[in-house]
Amino acid sequence: MLSTMIKGLIKQKLRTQKSDDRPYAALIFGAGALPGIGAAVGQRVASEGMPVYLCGRNTSKLEASAESIRSAGGSVSVAVVDASRSDQVLAAFKQLDQDGYTPGLVVHNVGTLSPGNFLLIDPAKFEQSWRADCLSGFFIGQEAARRMQDNAINESGGRGTIIFTGASASLRGNAGFASFAANKAGLRSIAQAMAREFGPKRIHVVHAVVDGMVDGERMQTAMPQLLASKGEHGGLNPLNIGEAYWMVHRQHASAWTHELDLRPHAEAF
């Protein structure tokens, strides 16, 4: 009997030591310029008092987005990260660890849209875009789940949230978008598999279908006329996407959303 009690106490102590109750921070991969989804999510999260780490490949864009958060009183750090590189993804998570935080929200917002004729797709570029859009989701999801499973249960009944930004290509492959569709469909499957495995462990995994043109810096620069042709509110406002991401992060564990569809009011689907 005494031996059983001692073993029970040891197990309880180990469980207590394993629980990570450090302050939460958010890691946002694929953050870039304002207006844009990554930066907008960072703004929304920081407005709630959670420290934010913006991770992306362009230093000047990251710094500009970070300054917008600092000027509003938020806590933000930046990290130059190529999400297709597992070592760079790991370094971003390790920086969070070293700063005394645990990931409460992790966002994968990486997407390389390169339309083209199927017969003219360069296999090397196909693989490169898959690594950027899909393999990066595996790297980020794995490191996030590895840490979150040790988090203390929060007031919403969960241990943390992982959000993957998808697209209409996640659901169907249209002509001229074979590469993008393969990447985003694969990312969606990763999100589904993770949700089924880690949901019971209190980790909230979300896949967001962003269906339509995002009224952000990328489209405003590349296709301003096409964006304007959509009319008022014809493009998705990144700030409103950020609001939706924060909403699903705050959901109680008794009523979680796994897949979220976001599109402008006039977008056909």
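The values are calculated or read from the model by the stated rules, or taken from the named source; none is laboratory data. All values reported here derive from a predicted model rather than from experimental measurement. Virtual Cβ from ideal backbone geometry, glycine too; neighbours counted across all protein chains shown. For the accessible areas, the whole protein counts, side chains as well, though only heavy atoms, and no ligand, DNA or RNA atoms are used. Shrake-Rupley method; radii C 1.70, N 1.55, O 1.52, S 1.80 Å.
Of all residues in segment 173-182, those satisfying the criterion of being under 20 Å from the mean Cα position of the chain (by Cα) and closer than 15 Å to ASP122 by Cβ are PHE180, ALA182. Checking each residue in segment 69-85 for being assigned to a loop (DSSP other than H, G, I, E, B), surrounded by fewer than 18 Cβ atoms within 10 Å (Cβ to Cβ) and not polar (S, T, N, Q) picks out ALA72, GLY73, ASP82, ARG85.
A Cβ distance below 9 Å, combined with a sequence gap of six or more or placement on separate chains, defines the contacts here; from segment 114-131, residues that are free of Cβ contacts under 8 Å to residues at least 60 places away in the same chain reach residues that are of a type in the set (D, E, K, R) and part of a loop (DSSP other than H, G, I, E, B) in the pairs GLN128/ASP122; ARG131/ARG85.
Please tell me if ALA46 is open to solvent by less than 90 Å² (accessible area, probe 1.4 Å), farther than 25 Å from GLY212 by Cβ, modelled with pLDDT of 85 or more and not in a helix (DSSP H, G or I). It is false that ALA46 is open to solvent by less than 90 Å² (accessible area, probe 1.4 Å), farther than 25 Å from GLY212 by Cβ, modelled with pLDDT of 85 or more and not in a helix (DSSP H, G or I).
On inspection, ALA66 does not qualify as touching a residue at least 12 places away in the same chain (Cβ under 8 Å) and open to solvent by 10 Å² or more (accessible area, probe 1.4 Å).
One residue alone among ALA208, ALA181, ALA185, ALA169 is more than 25 Å from ARG147 (Cβ to Cβ), in contact with a Ser or Thr (Cβ under 7 Å, 6 or more places away or on another chain) and open to solvent by less than 60 Å² (accessible area, probe 1.4 Å), and that residue is ALA185.
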